[in-house]
Amino acid sequence: MPGRTRRFAWTGRRARSIASGWLPAAAAATICLSLTQCGQAPNPEALAANAAPAQELSFDERFPAAEFSDRFPSTRESFQLHTPSDFAPKPPPYQVASLEPQRPAGRQREDLTTLVSMKSSAFPYFGNNPASDAPFLNVSSGERRGHRSFSGRVYWQDQTYNDSRVLVHVPEQFDVRKPGVIVVFFHGNGATLERDVRDRQLVPQQITGSGVNAVLLAPQMAVDAADSSAGKFWQPGGFKRFMDEAAASLARLTGDPASARTFANMPIVIVGYSGGFLPTAWSLEVGGISERVRGVVLLDAVYGQLDKFANWIERNRSGFFISSYTRYTARHDQELMAMLRNRGIDISEDMDRPLRPGSVVFVETDEGITHRDYVTQAWTRHPVRDVLTKMAAAQPPIRIAAGVQASPNGTSSR
């Protein structure tokens with residue numbers, strides 16, 4: 001219904017998607033070679049922004065074109081798109097005067113999972129690609145514009161780079177008056193927010209399950225495409241603009257517009273999965289608020305940009321850095337470990353140790369762990385939840401109380 005926020009239960013939607021996606025045997029055999037069906041990581045070069053195409057198979061064979069229904073689910077299957085006006089404060093409900101004790105007018109808030117359109121999200125993007133310093137939209141057909149990736153595949157702006165929505169999740173137990181953290185999740189290639197981030201990777205569920213006072217922001221990157229482009233996160237200050245706009249949206253969603261200042265100062269943990277390494281790296285390097293980032297978690301995601309990760313780790317010794325990897329990214333993880341050791345930074349290779357301020361952890365997962373399922377099964381089941389739980393239990397504590405908190409007299413303090 002217009003003007004109201006839709007809540008979502010965890011349903012069998014994923015099963016319906018699978019049931020509607022049966023393919024002929026020959027096509028299924030081809031798709032089995034791709035990341036999304038076999039559980040294998042894509043060729044590292046295919047993920048990097050300046051990569052060469054894979055040689056073994058054609059790009060179309062590795063990454064078959066998505067169906068329209070996958071990119072844009074029907075209204076019965078999709079989130080309701082909200083605008084800021086939908087979250088304007090509502091007047092309290094009318095109550096009849098009574099001499100008998102009454103229950104409070106408000107009801108307990110439930111988990112909230114929704115999509116919000118944000119102009120500062122990754123796309124649409126009409127700037128340059130910093131890898132080539134050339135326009136990102138480098139292909140045209142009449143009035144239509146698109147991007148030719150380094151693999152040679154053309155993705156059109158109106159289909160792949162035109163979704164400004166952000167998946168926002170606020171757990172029922174979240175309390176803006178207490179120290180909290182904002183988790184920003186950058187998804188990998190070939191993903192949509194509903195089908196993958198919410199239903200398959202269970203990222204909102206992991207946030208709630210951690211019990212940590214945290215909220216989730218997951219911007220839609222390239223829609224269901226084998227492309228890691230960072231869009232507006234390539235731009236200096238782009239991550240700061242995104243987080244500033246998100247603060248206002250979160251304040252409206254939680255029903256307290258005055259809390260925007262608290263969200264605008266709240267610490268951040270960035271989680272980058274697979275192709276999400278690229279927006280993660282650029283957000284750390286040029287995003288404008290790297291000091292607010294208290295932790296970085298890379299899930300089988302070190303495909304490049306090693307200097308940007310090493311620089312952030314060296315500059316931010318009060319936060320934590322975790323990279324968990326399979327054999328597909330092992331070479332780059334080992335290179336990054338060597339860079340850090342040369343800079344005198346201690347490294348742990350065991351996630352069973354306590355997480356402390358300044359922790360730098362690299363952990364290689366077993367052979368049976370698949371790249372496709374890495375967000376739900378890495379060194380442990382539900383690794384995002386595990387990191388947040390360890391962060392909350394860290395001794396000495398990892399500083400997450402940077403938000404502006406309301407003092408008893410109604411003023412604000414840092």
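Overview of results
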{"read-out": "Net charge of Cβ neighbours under 12 Å - reference Tyr325; Lys, Arg +1; Asp, Glu -1", "value": "-4"}
{"read-out": "37 °C / 0.692 mPa s Stokes-Einstein diffusion coefficient of the range 192-338, Kirkwood radius on C-alpha pairs, µm²/s", "value": "203 µm²/s"}
{"read-out": "Equivalent ellipsoid, the range 281-329 (semi-axes from 5 times Cα gyration tensor eigenvalues, Å)", "value": "19, 12, 9"}
{"read-out": "For the range 256-304 versus the range 110-136, the gap between their alpha-carbon centres in whole angstrom", "value": "14 Å"}
{"read-out": "Cβ-Cβ FRET estimate between Thr389 and Asp244, R0 fixed at 30 Å, reported to 0.05", "value": "0.55"}
{"read-out": "Relative contact order (%) - criterion: Cα under 8 Å, at least six apart; region: the range 235-368", "value": "21 percent"}
{"read-out": "Counting DSSP beta bridges with both ends in the range 138-225, the antiparallel % (nearest 5)", "value": "65 percent"}
{"read-out": "Extension reserve of the Arg144-Arg331 stretch, reckoned as 0.36 nm per residue once the Cα distance is removed", "value": "63.4 nm"}
{"read-out": "Gained length - Phe126 relative to Asp256, 0.36 nm times residue gap less alpha-carbon distance", "value": "43.4 nm"}
{"read-out": "The range 133-222 - convex hull of the alpha-carbon atoms, volume per residue in Å³", "value": "130 Å³"}
{"read-out": "Tail weight of P(r) past 13 Å, computed on alpha-carbon pairs of the range 144-188, percent", "value": "71 percent"}
{"read-out": "In nm, spacing of pseudo-spin labels at Lys119 and Ile347 (7 Å Cα→C-beta vector)", "value": "4.4 nm"}
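Computed from the coordinates by the stated procedures, all read-outs in this text should not be read as laboratory data. Because the structure is predicted, anything quoted here is derived from the model rather than measured. So basically every Cβ, Gly included, is an ideal-geometry build from the backbone, and we count neighbours across all protein chains shown.
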